[in-house]
Amino acid sequence: MFSTLIHTFVLLLTATAALAAPAGRHNWPRFTVPQQHFEVLSMRMQEPVNPAAMVEATCVDRNAHIVFHDQNAAELAICGGISGSVDACHGNPSTTVGQAGSARFSLKTTVEGAQITISKTKWEQCVRAARDKCPTGSLRAVCAGGATVGDVEFTLKNSFSMDDL
């Protein structure tokens, strides 16, 4: 009886010690993002989604890997750059591309011969509304207006997949 009790105690002590041992250490990759990025995200989260800024959106590949920071940088890289004090697409192009890291925006007008004149505010609202419908991966959407005639169509995809509009 005493021997059985000792064996049971040793077995329980061994099992407890084995289960309490720390798990193997995971070496996850580390990424750093500038503080300004978080401030921009905070400001954007406070702005409501405007579904009227977008005519339609289609999720192309929900599994395409697009880094969120790259998407934000590429969003402001259209038309040669609309960041800072620039408030609209200048130069009246009929197509434009904004690319940064893993993200690539390709824009074109829906009416042949029209030029892109989209404002930064309307562009950001359209992308935000499209992302509301397709939160991950690549997508194709049409922004309401933003051209001399008609609308502006865009695709967002992984920049390493170079299929264009």
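Return yes when Glu153 is closer than 23 Å to Gln46 by Cβ, of a type in the set (Asp, Glu) and either out of contact with any Lys or Arg (no Cβ under 7 Å at 6 or more places or on another chain) or at pLDDT 95 or above (or both) and no when it is not. Criteria not met by Glu153. Does Gly80 satisfy the criteria of being free of Cβ contacts under 8 Å to residues at least 24 places away in the same chain, of a type in the set (Gly, Ala, Ser) and touching a His at 6+ places or on another chain (Cβ under 8 Å)? Against the criterion (free of Cβ contacts under 8 Å to residues at least 24 places away in the same chain, of a type in the set (Gly, Ala, Ser) and touching a His at 6+ places or on another chain (Cβ under 8 Å)), Gly80 qualifies.
For every residue, the table says whether it meets (1) aliphatic (A, V, I, L, M); (2) over 15 Å from Gly137 (Cβ atoms); (3) touching a Ser or Thr at 6+ places or on another chain (Cβ under 8 Å).
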{"position": "Asn50", "(1), (2), (3)": "no, yes, no"}
{"position": "Val55", "(1), (2), (3)": "yes, yes, no"}
{"position": "Arg62", "(1), (2), (3)": "no, no, yes"}
{"position": "Ile66", "(1), (2), (3)": "yes, no, yes"}
{"position": "His69", "(1), (2), (3)": "no, yes, no"}
{"position": "Leu76", "(1), (2), (3)": "yes, yes, yes"}
{"position": "Ser85", "(1), (2), (3)": "no, yes, no"}
{"position": "His90", "(1), (2), (3)": "no, yes, no"}
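Among the residues of region 82-96, which ones are small (Gly, Ala, Ser) and over 18 Å from the mean Cα position of the chain (by Cα)?
Hits for region 82-96 are Gly84, Ser85, Ala88, Gly91, Ser94.
Name the one entry in Leu12, Leu76 that is under 26 Å from the mean Cα position of the chain (by Cα) and either surrounded by 10 or more Cβ atoms within 10 Å (Cβ to Cβ) or at pLDDT 85 or above (or both).
Leu76
Of the residues that sit in region 90-135 and are among the hydrophobic types (A, V, I, L, M, F, W, C) and part of a loop (DSSP other than H, G, I, E, B), which one is surrounded by the most Cβ atoms within 10 Å (Cβ to Cβ)? Show your work before the answer.
Taking region 90-135 as the starting set, the residues that turn out to be among the hydrophobic types (A, V, I, L, M, F, W, C) are 97, 100, 103, 105, 107, 111, 114, 116, 118, 123, 126-127, 129-130, 134.
If we keep only those that are part of a loop (DSSP other than H, G, I, E, B) as well, we get 111, 114, 118, 134.
Values: Val111: 14, Ala114: 18, Ile118: 24, Cys134: 18.
Here the residue is Ile118.
None of Ser159, Ser94, Ser119 is touching a residue at least 12 places away in the same chain (Cβ under 8 Å), hydroxyl-bearing (Ser, Thr, Tyr) and closer than 21 Å to Cys59 by Cβ except Ser159.
Given the structure, is Cys59 touching a residue at least 40 places away in the same chain (Cβ under 8 Å) and either more than 30 Å from Thr32 (Cα to Cα) or surrounded by 21 or more Cβ atoms within 10 Å (Cβ to Cβ) (or both)? Reasoning before the result, please.
Details: touching a residue at least 40 places away in the same chain (Cβ under 8 Å): yes; either more than 30 Å from Thr32 (Cα to Cα) or surrounded by 21 or more Cβ atoms within 10 Å (Cβ to Cβ) (or both): no.
No; evaluated as a whole, the condition is false for this residue.
The residues of region 136-153 that are within 18 Å of Gly101 (Cα to Cα) and buried (at least 20 other Cβ atoms within 10 Å of the Cβ), listed by number, are Ser138, Leu139.
The values are calculated or read from the model by the stated rules, or taken from the named source; none is laboratory data. Quick caveat, the model's predicted, so the values are computed rather than measured. No Cβ is skipped: glycine too gets one built from the backbone with ideal geometry, and neighbour counts run over all protein chains shown.
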